[in-house]
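S.K.: Pasting in a structure now, in structure tokens, and then I'll have a few things to ask.
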Amino acid sequence: MGASSGAGWALLAVVISGLLGYWMVTTDPTEGLDYASGDLPEEMKRTICYSDSGPCPPTGFKWSISGSGVIQTRFEREDVDDRTEFRGWFRLEAAVLVQDEVRDCPTAVDWSLTADNKPVAHGTITAGSEDREVTGTSPPEARSILLTARRTDSLACRSTFQWIYAGLD
């Protein structure tokens with residue numbers, strides 16, 4: 001009875017781990033917002049992560065923006081009349097390769113959020129600075145959210161603009 005009982009527990013652990021992994025990969029990491037059109041972001045999805053292996057990667061969206069480049073992405077609200085408060089943080093990472101050495105690059109991005117063409121929030125973020133909290137409230141009747149991010153420099157850096165834990169609460 002002892003050996004088969006141990007095998008049963010092992011099988012149960014495998015099944016639970018598989019279900020947890022499936023749930024983490026298939027659940028929507030950006031509650032309240034669905035991509036609709038424009039520059040397609042890369043989705044940063046949940047992964048199984050153990051805190052003793054370092055910080056867990058965040059969920060959200062990310063885009064590459066070249067020097068003087070602009071991205072515009074339109075999202076549709078999932079629950080009109082429900083979630084209206086923006087959440088998350090904007091982050092800008094930029095690096096340049098100089099003689100086989102990766103160095104930080106001082107890029108900057110002006111960003112804005114509009115809801116059904118009405119300004120909701122705007123700001124500027126620079127590479128290497130602290131993440132900027134996304135604040136603002138979408139009008140309850142607004143259906144679409146437009147994110148615009150414009151590089152304000154023309155440096156030849158690889159730049160990644162991220163909306164960490166993006167969504168509406």
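The values are calculated or read from the model by the stated rules, or taken from the named source; none is laboratory data. This is a predicted model, so every value here is computed, not measured. All Cβ positions, even for glycine, are placed from backbone atoms using ideal geometry, and neighbour counts span all protein chains on display. Keep in mind that these areas ignore ligands, DNA and RNA; they rest on the heavy atoms of the full protein, side chains included. Shrake-Rupley method; radii C 1.70, N 1.55, O 1.52, S 1.80 Å.
S.K.: Calculated FRET efficiency, residue 68 and residue 169, Cβ-Cβ r, R0 25 Å, to nearest 0.05?
M.R.: On the way: r = 34 Å, r/R0 = 1.35.
The value I calculate is 0.15.
S.K.: Right, something else. Taking H placed 1.01 Å from N in the peptide plane, check which residues at least 5 places from residue 88 or on another chain put their amide H under 5 Å from its amide H.
M.R.: Result for residue 88 returns 134.
S.K.: Hey, with R₀ at 41 Å, roughly what FRET efficiency would residue 118 and residue 97 work out to, going by the Cβ-Cβ distance, to 0.05? Walk me through the numbers before you get to the answer.
M.R.: On the way: r = 41 Å, r/R0 = 1.01.
Between residue 118 and residue 97 the formula returns 0.50.
S.K.: Work out how far the C-alpha atoms of the stretch 64-150 reach from end to end along every principal axis, then list the three figures in whole Å, largest first.
M.R.: Taking max minus min along each principal axis of the Cα atoms, the stretch 64-150 gives 53, 22, 19 Å.
S.K.: With the calculation restricted to Cα positions, what are the radius of gyration and Dmax of the stretch 102-169 in angstrom?
M.R.: Rg, Dmax (Cα atoms, Å): 13.7, 46.
S.K.: A further question on this structure: Along the stretch 101-116, what does the Karplus equation 6.51 cos²θ - 1.76 cosθ + 1.60 (θ = phi - 60°) give for ³J(HN,Hα), rounded to whole Hz, x for Gly and Pro?
M.R.: 10, 7, 10, 5, 10, x, 8, 9, 9, 8, 10, 8, 10, 10, 10, 6
S.K.: Going from most exposed to least, what order do 62, 118 have by accessible area with a 1.4 Å probe?
M.R.: Putting 62, 118 in descending order of accessible area: 118, 62.
S.K.: How high is the FRET efficiency between residue 158 and residue 82 when r is their beta carbon distance and R₀ equals 30 Å, given to the nearest 0.05? Don't skip to the end; give the middle numbers.
M.R.: Numbers: r = 37 Å, r/R0 = 1.25.
The computed FRET efficiency comes out at 0.20.
S.K.: Follow-up. Once phi is turned into ³J(HN,Hα) by the Karplus curve 6.51 cos²θ - 1.76 cosθ + 1.60 with θ = phi - 60°, what whole-Hz value does each residue of the stretch 155-164 show in order, with x for glycine and proline?
M.R.: 5, 8, 9, 7, 10, 10, 9, 10, 10, 7
S.K.: Show me 137-146, 94-103 ranked by packing, highest mean number of other Cβ atoms within 10 Å first. Intermediate results must be reported in sequence, preceding the final value.
M.R.: Numbers: 137-146: 15.9, 94-103: 11.5.
Result, highest mean first: 137-146, 94-103.
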